[in-house]
1. Among all cysteines in the protein assembly as shown, which have no other cysteine Cβ under 4.7 Å from their own Cβ?
2. Please work out how much length the chain gains when fully extended from B:Leu637 to B:Asn513, using 0.36 nm per residue of separation minus the C-alpha to C-alpha distance, in nm with one decimal.
3. Would you give the gap between the C-alpha center of the range B:165-224 and the C-alpha center of the range B:305-335, rounded to a whole Å?
4. May I ask for the angle, rounded to the nearest 10°, between helix B:415-428 and the longest principal axis of chain B, with both axes built from Cα atoms and the value confined to 0 to 90°?
5. Considering only lysines 8 or more places apart in sequence, or on different chains, count the pairs in the range B:26-116 whose C-alpha atoms sit under 22 Å apart.
6. Report, to the nearest whole %, how much of the accessible area of the range A:11-144 belongs to carbon and sulfur atoms, 1.4 Å probe, protein only.
7. For the range B:634-656 and the range A:82-109, what is the separation of their C-alpha centers, rounded to whole Å?
8. With each run of n ≥ 4 DSSP H residues scored as -39500 (n - 2.57), what mean residue ellipticity at 222 nm is computed for the protein assembly as shown after dividing by its residue count and rounding to the nearest 500 deg cm²/dmol?
Amino acid sequence: MQYDDEKPFQITFWRPIKWERNLLDLEKRDVVELSRFCEEAYIWTPAANVLDSITDYDAREKLNEMLVVGFSPDKPVDERKVDDLQNVLIFIKELIADKKSEWSPCSQKYNDELIRANLLISFLNHVEWICDIFANVPGISITIR
Amino acid sequence: MEFQLLSKKKAVEILAEIADEDLSLVLEVCEDICFGNDKGEYEWINLGKIELKPENDKIQTAIQYGFYEWLIPRKDEIDCIVSNTFSKIDPNIKEDRINNAKKWFYQGVQDIVRRLLLLLPTFDPDSFVRMPLKRPTTIVPDTSAVHQGGLDFVAKFLSPMARIKIPAVVYMEIESQMDNYMNIRSNRKEKGTRIKALERHLLSQGGQRALLRMELMSDVEMDRGDLGSDPIRGIITRSDSDPEDKVLEQSKVVKSFADRLIIETARLHRSQVRPDHPLAILTSDQGMARMAMAEGMDVLFFQARNSPEPTGRILTGTHVHPFDADFYSIPLTDVLWECAVSFGGAKLRNIKDDSFLELWALGGPEQLTWYPLHAKDDLIWGYYVQAHPKKEIKSDKEFLSSEKRFASKGYKITSPKMIDFISILVENNNLAKDQLNEILSVKDQTTTNQYVKFLESGKFISESEQNIEATDKLRMLGKAIKELDISKIHGLLLDVPSYSNFHDFIQKGRQINIDSPEIPISKFFIQSYIALGEMASAILSISDKYIVVTDAEPSIAEFAAQAYKCYKDISQNSDTDTELILTGEWLECLALQFNIHPIRVRKLLEDSRQKGVLDFFVEGSTPDTRFPKHTMTVLELEQGKPVLKKIFLYQGNFVTPGFASNRIKIVRK
């Protein structure tokens, strides 16, 4: 399977909208129920597809499903919480402990040298950091597209 | 032991030599008062393993650009190392003091990791959602922000929108810590100085380096008010004779007073800029944050000593940018420098041959001088022992031509494109680099580089700034491909270290599970390497499960016996009434049991019949499509042009071209 054309995920953390005034929906001709809306708290698109660094085919498929299906905007908000993402991080830690990820060149260059990275470890450290920031904050939900 | 002043550039060369024997190095640190004894000896504390991850054998590049993993021991392991060290150097030291040492040591490691941005400070969610900053904002850090990496985070990720205004009291507090440390150093033989030395050393040296980094090594915009505009500069008029002043103890800069001065600096600065200019205090101190908020100041609050824990995890030298689709890298020399300055001494050691690089910023075995030049050029005193002292330090280019021990885990190529690329290159002799994407029909340069590097690693091309040029060796390969000279192709491909490693591995194991983690080729590229091996009749993949070496070249008599044995084995286990067996199964059996490639089988089968040592009968009609995974790649000519084709072993169109041969019967004569 070729992964060249696969786009990296886009991870978005959402928080309940903070808006003090009422909003009028001109189409529905009614005041908007603001509790139905979330605003973007943090958005991040990784520099490369994290799946590219996983050497085990089944693990790659499983992680893809855990992230993209598990955090699809179609899923109920209660199933897309920080705790749910932290459960995925446990799986990623297992993959790293089992040495199922590897270092590979990325598209970015420093002084003509292609940067090499273990995308899975970088992804883990970064997402764990974001989860720590938003852990326990009421109303936070996550989507991955 | 001869110390010399080392630049980071020189250290990269030395470290590359040290890592030549083994890419896994041990990082150790030492504070000479805390971990030293009365005789002037001291112990090194293990701070984990550094594993370099170079491409090919470009070790210098890996050190310079952060291609490494730092496996930091768990906190309980570090605690245990610290306890054991004290039991060696000072067995009478009390448990509570050892616990203090553990605490300072652990905090020191946390601060180093965050100042290096190997792990980032955990910000308050409300502060974090405002990042990256949209408008120019003045950030006023307190001392905790300098020590714990908050200031480095702002300088790296929030500049140039962030303008940094460091209050004078921060410099003063760190200078005061430095003064305390130097007092301890002067009286190091007094009892009870050991643990204090560790604490003061970590705070003062780490803090001063962070401040100097802002001034000398970064492009951040620093706000500096006029002389006297900073409240600290005019507040203390010391007069011990005045009883009132004595009671107030103004000569002591107490902690809460220093906190207050940070806020005052921020307030004063705010009064000097336009009213809507945003300004925030950067701190990890809860009291300071509350005080600032209570006075209407904005706060960027972070935690850097609770979570995430740096210990027991793998940190990498290349890291994703938090606000961009980008990477940033932390050179290994930065890690070594930060550890050496914060603790006093740092050492990177190769345990295989005991070569090492030892750095001392303060203390250590000799009285080391300091001049401002050392800070400006980031020089540090170092001493190194190489396993092979007479061996010259090699540049990365020389390393490339050395051994294939560090051959790449493979290149991301596809085999049909590679064959086309070789043909075009041989035809044109040289190609402009900016044409290559188009020739290879790829969008990005990264993919193109993989093809170039594959050929370069086997010395099939030479590279100049603008062009790549075919070497004589590539012309030989092109000729062999055009003439379908399989053995010559294989021989030439073995000069590519990654292919050679892959082939050697399969040849040694004879039959390898395709999922084996030991295979020295990345799982992403393995299909291309299998195709190249199959094209050269050197290996065969069986049903995407095994890779088997197919290097056997039996005589006709040997082949007749082997062909018949495989036929009998399969027919005896067959449930069908017919004497004919599946041809694909028989071909795979010959590869698995006797390591004969199907291409050779086809020729040997015909030769055996002509010599009268065996006969065979085939039958079939429509292609058997039940076994789509049982394929192999072969090289053929199509209108004089070499192409790679996929052969389905069970479809019945391989063994006897022109006749369907889904099933076969072997008769021994």
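1. Isolated Cys, the protein assembly as shown: A:Cys38, A:Cys106, A:Cys131, B:Cys30, B:Cys34, B:Cys80, B:Cys339.
2. Separation in residues times 0.36 nm, less the Cα-Cα distance, equals 41.5 nm.
3. So the separation of the two Cα centres works out to 24 Å.
4. 90
5. Counting lysine pairs in the range B:26-116 gives 14.
6. Using a 1.4 Å probe with all protein chains present, the range A:11-144 comes out at 48 percent carbon and sulfur.
7. 40
8. When only DSSP H runs of four or more count, the value is -12000 deg cm²/dmol.
The values are calculated or read from the model by the stated rules, or taken from the named source; none is laboratory data. Predicted model only: the values in this text are computed from it and were never measured. Reconstructed Cβ throughout: ideal geometry from the backbone, glycine too, with neighbour counts over all protein chains shown. Areas reflect the complete protein model, heavy atoms only, side chains present, ligands, DNA and RNA absent. Shrake-Rupley method; radii C 1.70, N 1.55, O 1.52, S 1.80 Å.
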